[in-house]
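Have a look at the structure below before the remarks.
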Amino acid sequence: MSKDNAAHKLIASNKFARVNYDIDDVYEAGMVLSGTEVKALRAGKANLKDSYAVVKDSEVYLRDMHISHYDFGNRANHEPLRPRKLLLHKREIRKLYGKTREKGLALVPLRLYFKNGMVKVEIGVGKGKKMHDRREDIKQREERRSIARDFKSKRIRV
């Protein structure tokens with residue numbers, strides 16, 4: 001992903017992805033969408049919760065991503081939960097295929113955003129965390145917060 005985030009307009013993010021998965025690699029992919037889907041995304045009507053990506057027949061599809069109906073659409077409005085094809089380079093698809101064959105690795109969408117007028121999705125390759133891993137992460141976060149709090153209180157007193 002580029003360093004210039006000013007051109008990015010966030011549509012939706014998967015808040016639980018980094019909580020439930022250890023994300024190793026991140027890929028940016030385009031999406032094949034219909035007109036009413038793009039208009040619904042511009043209105044911010046997308047949900048990445050419970051969505052995932054799969055590699056099938058040398059193509060990558062995003063499943064269970066919900067894009068609500070466009071309010072001003074006609075009878076040609078899109079289906080909210082249809083599988084959407086992701087646009088990646090062939091070598092990236094081969095890498096993802098190899099990684100999804102490993103035990104415990106999944107393709108999880110992290111963010112959905114506009115970049116230069118195009119809809120992009122950020123996909124992470126992650127391994128599912130166990131409950132004790134999540135508890136450990138919470139402990140570490142709380143420790144960091146308490147240390148930061150201590151430093152802040154000492155600066156004020158001095």
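State all residues of the range 49-89 that are of a type in the set (Val, Ile, Thr) and farther than 17 Å from Ile11 by Cβ; if no residue qualifies, say none.
Once the filter is applied, which keeps residues that are of a type in the set (Val, Ile, Thr) and farther than 17 Å from Ile11 by Cβ, the range 49-89 yields Val54, Val55, Val60.
Go through (1) of a type outside the set (Gly, Ala, Ser); (2) crowded, with 16+ Cβ neighbours inside 10 Å; (3) under 23 Å from Asn20 (Cα atoms) for Asn77 and report which single condition fails.
Here Asn77 meets the rest and fails (3).
Have a look at Glu136, Glu143, Glu92 and point out the one that is more than 20 Å from Ser13 (Cα to Cα), touching a Phe, Trp or Tyr at 6+ places or on another chain (Cβ under 7 Å) and of a type in the set (Asp, Glu).
So the residue among Glu136, Glu143, Glu92 that is more than 20 Å from Ser13 (Cα to Cα), touching a Phe, Trp or Tyr at 6+ places or on another chain (Cβ under 7 Å) and of a type in the set (Asp, Glu) is Glu92.
Of the residues Leu10, Leu33, Leu48, Leu41, which is surrounded by 14 or more Cβ atoms within 10 Å (Cβ to Cβ) and within 30 Å of Ile138 (Cα to Cα)?
That would be Leu48, the only listed residue that is surrounded by 14 or more Cβ atoms within 10 Å (Cβ to Cβ) and within 30 Å of Ile138 (Cα to Cα).
Enumerate the strands (runs of 3 or more DSSP E) found wholly within the range 1-113, keeping only those where 2 or more residues are over 14 Å from Gly124 (Cα atoms) and modelled with pLDDT under 90.
8-13
The values are calculated or read from the model by the stated rules, or taken from the named source; none is laboratory data. Remember, predicted model here, so these are calculated numbers, not experimental data. For neighbour counting, all protein chains shown are included, and Cβ atoms are generated from backbone atoms with ideal geometry for every residue, glycine included.
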